[in-house]
Amino acid sequence: YIQARVPVLVSNRPEMAAIVRHYEIGEVTDDLTPQALAGVLKVILGNHSLLSVWKQNLERAAKDLVWEKEEAVLQEIFKKYI
């Protein structure tokens, strides 16, 4: 979703929530019931200023979260063990 510049709604899993919060690109929810998710989506879709902020932040996140940057991190890790 990030590479497609689509705001993200994620469950409160540590890694996913950390990315969404760090980049401010969507919402994190603890309640995964259909009613709760529908409610969050209604609020999100009705808040055009928030969507605008997220879309701007998605540009930065999409540039940061790419394989080319992750590859360098992995190579450094492998160098320590090989």
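The values are calculated or read from the model by the stated rules, or taken from the named source; none is laboratory data. None of the values given here were measured: they were computed from a predicted structure. Note that each Cβ is placed from the backbone with ideal geometry, even for glycine, and that neighbours are counted across all protein chains shown. Note: accessible area is taken over every heavy atom of the protein model, side chains too, but ligands, DNA and RNA are not part of it. Shrake-Rupley method; radii C 1.70, N 1.55, O 1.52, S 1.80 Å.
Got at least one residue in the stretch 27-40 being without any contact (Cβ under 8 Å) to a residue 12 or more places away in the chain, in contact with a strand residue (DSSP E or B) (Cβ under 8 Å, 6 or more places away or on another chain) and either open to solvent by less than 60 Å² (accessible area, probe 1.4 Å) or among the polar types (S, T, N, Q) (or both)? Yes - at least one qualifying residue is present in the stretch 27-40. Answer with yes or no whether ARG60 is at positive phi, surrounded by 12 or more Cβ atoms within 10 Å (Cβ to Cβ) and not small (Gly, Ala, Ser). In short, no.
Residues in the stretch 1-40 that are polar (S, T, N, Q), closer than 27 Å to VAL66 by Cα and not in a loop (DSSP other than H, G, I, E, B): SER11, THR29.
The residue pairs whose first member lies in the stretch 6-20 and is closer than 25 Å to HIS48 by Cβ and open to solvent by 40 Å² or more (accessible area, probe 1.4 Å), whose second member is small (Gly, Ala, Ser) and outside any helix (DSSP H, G or I), and whose beta carbons are closer than 6 Å, counting only pairs six or more residues apart or on different chains, are LEU9/GLY26. When you check GLU76 against the structure, is it open to solvent by 70 Å² or more (accessible area, probe 1.4 Å), out of contact with any Pro (no Cβ under 7 Å at 6 or more places or on another chain) and modelled with pLDDT under 95, yes or no? Yes: the conditions hold for GLU76.
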